[in-house]
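A quick write-up on the structure given underneath.
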Amino acid sequence: MTKPCRAGIALAAILVLSTVLPSAFAQHHSDNQSDKQTQSHPWMNTDLSPDERADMVLKQMTLDEKIDLVHGNGMRDWGKPRPNAYLGIGGAGFVLGVPRLGIPMIQMSDAAYGVRSSAENGRYSTALPSNLASAASWDTQAACDYGALIGRELRAQGFNMTLGGGTDLTREPRNGRTFEYMGEDPVLAGTLVGNRIKCEQAEHVIGDIKHYAVNDQESGREEVDAIIDKRAMRESDLLAFQIGVGIGHPGAVMCSYNAVNGDYACENKYLLTEVLKKDWGFKGFVVSDWGATHTTVKASAAGLDNEQPLDDYFGQPLKQAVQSGKVPMDELDDHVRRVLRAEFASGIVDYPTKKSVVDIEGGFETSRRIAEQSTVLLKNDNGVMPLDRTKLNSIAIVGLNADTAMISGGGSAQVDPPGRPASKWQARVWFPTSPQKAISAKLPGANVRFDSGENPSSAAELAKSADVAIVFAHQWTSEAMDLPNLSLPNNQDALIEQVAAANPHTIVVLETGTAVTMPWIDKVSGVVEAWYAGSKGADAVANILFGDVNPSAKLTMTFPRSEADLPHPQLVTPPPGTKVKGPNNKTILTKPTFSVHYDEGLKVGYKWYDAEKKPVLFPFGYGLSYTTYSYSGLTVKPGKETSVTFTVKNTGGQAGAEIAEVYAALPASAGEPPKRLVGWKKVQINPGESAKVSVTIDPTYLSIYDEAHDGWKLVPGDYTFMVGGSSQDLPLSAKVSLP
Ligand code: BGC
């Protein structure tokens, strides 16, 4: 046996030590490494602020490196691939990094209600309930869980930036992207999206809020010039973004396709610089919607920081504009600094992504829980729900694919079901979550039969023979289209009528992306709005139907009685604008060609129906429970922040969560719609018990936007505070005078 040499012994000792104390060894080793790295790259010192770190990197960068940071490099099916295209990982686009300075690439994926780009990467993502659905929970913790799950699943697939956070207000409910947004109230939408983004970014991805701004319909989205007065815009659509940016501090804001008051959103100085960057103090970067950049010099000066998904305007043309002095270097530096700052602030520099397997079961659990909190019970005559397991022997399940799946929302938001190829743009994707299976599982041994409803007579026949008939009705919507009307498509209204005529215990479960009209409402016993309910939608619906979960969700948009009651009874459909040849041989529009006048102004959603005294089918803030609540004891304490206190009692027989809503009517001299939502609280209450609720109100939510002075103003006078369980059921009210 030969003696081991000294070096050998030393090495063995290190190896032993390093296996015995792997983390200490690795720690020491990486400390050394990071010390060295911090010496050569002082901006890697995590004690410095994101601003300091961004400034230090910026000083090291060449002009070409700066240009690299302010544009994309293409995505699949989008123009001619650029030389760097191979560096993309299959998302919606990417921004180059600066490897010599330790700055990573930004890999983006759409992630409205789950990570979009999974199937084309051969990976898996959880589908959450749609954004509109989750908003119906009015729950900031649910919003946080939603964002955190998306953040984790993005990173597991190698992405470090999300494209999501839709926040446009529902001015036009036929908008095909309504399911990607949070409803019609700016305070609710902004608060929820802000919490989503906050928790998304806590997972170390760059967060995004979109589509800024007034992208309130999809028809002619590039032709449209949204005409809206400043005050109306600041108090509605922009307020939602203001609150979202204030709570979530997203790394990015995506400017929209449309123009606003004459200028395209991505070259609109008022929106991007005056409001977003100066007034709200936004520190991240403005990214264009895909192909929504129209110029170089104008867009750069207006405050666009990053063109996606290509480099038509912010690639070579921007470099030349800087070299020729048409774009000052300071201006380019500001764009680059903002991108860098977002990278440091979100942690994508310090926490590089590593592909990994996602927690599928955990994702299911979160998706189901949020779906349960999002499902709105709209009608429940004679206590048809919760379904009584002891009395039911047979159930008729009616509706297209209700034996296997539920519909989901299309376009760039689409999440692909597991094990399927990547879905085509605007394909109708049915998610494998089977209502029939979920309901059968609740009633083992019962006769649970299915009819697709394509032939209403055969569906009615089946319904006649069952104790209860449940119709799963769907309305599919998608990006890049609007709905012609709010009717359920494909003759489903007639189907429901026939089934209801055959069985007095008919329940309709709606899988919709926006409001629908219900000509059959008086003929059915129950209605449940399940929206696009995600990976575990059917289980969530079954839990609600059978009362294993007590419904608590409330509408975040009005369901009108008919399109005739909308601010614009006819959907505005602009004719296609004439395109011309643009950079890289693309055909482009150079300016908006059609004005859409949002002349309802401040009167968005319930504010419109209130002001116009139009009765509605179901009002904003409405939703039933299997228990009942009473409200009492309102006190309002004016102060720097007004505080509103009251008591909610659970007067029924089941524990439940009540969303208690607080509205304010401003003094008449303010010239506002009759009331606005100013706060809410969701409280869990046991039967017979009461909860004392206190809501503090941000002064901005009581203010008006004073155009003459370009600022928020509290109008002195009498304010009426109203409290209750829906915008049209407000049993408590108190008047106070505010200075
Ligand atoms: C959509 C954006 C999306 C982008 C990238 C655009 O068509 O409007 O919401 O993030 O595509 O897919």
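The values are calculated or read from the model by the stated rules, or taken from the named source; none is laboratory data. Keep in mind that this is a model prediction, so the values were computed, not measured. Cβ atoms come from the backbone with ideal geometry, glycine included; neighbour counts cover every protein chain shown.
From the list Gly315, Gly325, Gly251, exactly one residue is away from the ligand (no atom under 16 Å from the Cβ), touching an Asp or Glu at 6+ places or on another chain (Cβ under 9 Å) and under 25 Å from Lys66 (Cβ atoms). Which is it? Can you show your working first?
Working: Gly325 fails: touching an Asp or Glu at 6+ places or on another chain (Cβ under 9 Å); Gly251 fails: away from the ligand (no atom under 16 Å from the Cβ).
One residue alone meets the criteria, Gly315.
Just wondering, is there one or more residues in region 150-160 that are among the acidic types (Asp, Glu) and more than 16 Å from the ligand (Cβ to nearest atom)? Walk me through how you get there before you give the answer.
Restricting attention to region 150-160, the residues satisfying the condition of being among the acidic types (Asp, Glu) are 153.
Then drop every residue that is not more than 16 Å from the ligand (Cβ to nearest atom), which leaves 153.
Yes, the conditions are met somewhere in region 150-160.
Which number in (1) closer than 30 Å to Asp216 by Cα; (2) more than 14 Å from the ligand (Cβ to nearest atom) marks the one condition that Ala112 misses?
Unmet for Ala112, out of (1) closer than 30 Å to Asp216 by Cα; (2) more than 14 Å from the ligand (Cβ to nearest atom): (2).
On the phi < 0 side of the Ramachandran plot, among the hydrophobic types (A, V, I, L, M, F, W, C), at pLDDT 95 or above and in a loop (DSSP other than H, G, I, E, B), is that true of Met182? Full working, then the answer.
Working: on the phi < 0 side of the Ramachandran plot: yes; among the hydrophobic types (A, V, I, L, M, F, W, C): yes; at pLDDT 95 or above: yes; in a loop (DSSP other than H, G, I, E, B): yes.
Yes, satisfied.
Which residue out of Tyr629, Tyr701, Tyr719, Tyr663 is crowded, with 17+ Cβ neighbours inside 10 Å, within 25 Å of Val384 (Cα to Cα) and among the aromatic types (Phe, Trp, Tyr)? I'd like the intermediate steps shown before the answer.
Numbers: Tyr701 fails: within 25 Å of Val384 (Cα to Cα); Tyr719 fails: within 25 Å of Val384 (Cα to Cα); Tyr663 fails: within 25 Å of Val384 (Cα to Cα).
From the options Tyr629, Tyr701, Tyr719, Tyr663, the qualifying one is Tyr629.
Within region 354-369, does at least one residue satisfy the condition of being part of a helix (DSSP H, G or I), aliphatic (A, V, I, L, M) and more than 24 Å from Leu624 (Cα to Cα)?
Residues of region 354-369 part of a helix (DSSP H, G or I): 360-369.
When the remaining residues are screened for being aliphatic (A, V, I, L, M), the result is 360.
Narrowing further to those that are more than 24 Å from Leu624 (Cα to Cα): 360.
Taking every residue of region 354-369 in turn, at least one turns out to be part of a helix (DSSP H, G or I), aliphatic (A, V, I, L, M) and more than 24 Å from Leu624 (Cα to Cα).
From the list Val572, Val596, which residue is in a strand (DSSP E or B) and aliphatic (A, V, I, L, M)?
Details: Val572 fails: in a strand (DSSP E or B).
Just one listed residue meets the conditions, Val596.
Can you pull out the residues in region 262-294 that are assigned to a loop (DSSP other than H, G, I, E, B) and either within 16 Å of the ligand (Cβ to nearest atom) or touching a residue at least 12 places away in the same chain (Cβ under 8 Å) (or both)?
Kept after step one, since they are assigned to a loop (DSSP other than H, G, I, E, B), are these residues of region 262-294: 262, 268, 280-284, 289-294.
Within region 262-294, Gly262, Asn268, Trp280, Phe282, Lys283, Gly284, Asp289, Trp290, Gly291, Ala292, Thr293, His294 meet the criteria.
If I go through region 599-643 residue by residue, how many of them are assigned to a strand (DSSP E or B) and within 20 Å of Leu555 (Cα to Cα)? Show your work before the answer.
Taking region 599-643 and keeping what is assigned to a strand (DSSP E or B), we get 618, 624, 629-637, 642-643.
Subset that is within 20 Å of Leu555 (Cα to Cα): 618, 624, 629-631.
Residues flagged as assigned to a strand (DSSP E or B) and within 20 Å of Leu555 (Cα to Cα) within region 599-643 amount to 5.
Scan region 644-659 for residues that are assigned to a strand (DSSP E or B) and either β-branched (Val, Ile, Thr) or over 29 Å from the mean Cα position of the chain (by Cα) (or both) and jot them down. Step through it out loud before you land on a result.
From region 644-659, those assigned to a strand (DSSP E or B) are 644-650, 656-659; that's our starting set.
Passing the criteria: Val644, Thr645, Phe646, Thr647, Val648, Lys649, Asn650, Ile659.
Given the conditions (1) touching a helix residue (DSSP H, G or I) at 6+ places or on another chain (Cβ under 6 Å); (2) within 14 Å of the ligand (Cβ to nearest atom), which single one is not true for Leu169?
Every listed condition holds for Leu169 apart from (2).
Could you please tell me which pairs satisfy a Cβ distance under 8 Å, a separation of 6+ or placement on different chains, a first residue in region 400-420 that is more than 22 Å from Pro309 (Cα to Cα), and a second residue that is part of a strand (DSSP E or B) and within 12 Å of the ligand (Cβ to nearest atom)?
Final answer for the pair search is Gly409/Ser478.
Return the residues of region 208-245 that are touching a Ser or Thr at 6+ places or on another chain (Cβ under 6 Å), in a loop (DSSP other than H, G, I, E, B) and surrounded by 24 or more Cβ atoms within 10 Å (Cβ to Cβ); say none if nothing qualifies.
Answer for region 208-245, where residues must be touching a Ser or Thr at 6+ places or on another chain (Cβ under 6 Å), in a loop (DSSP other than H, G, I, E, B) and surrounded by 24 or more Cβ atoms within 10 Å (Cβ to Cβ): just Asn215.
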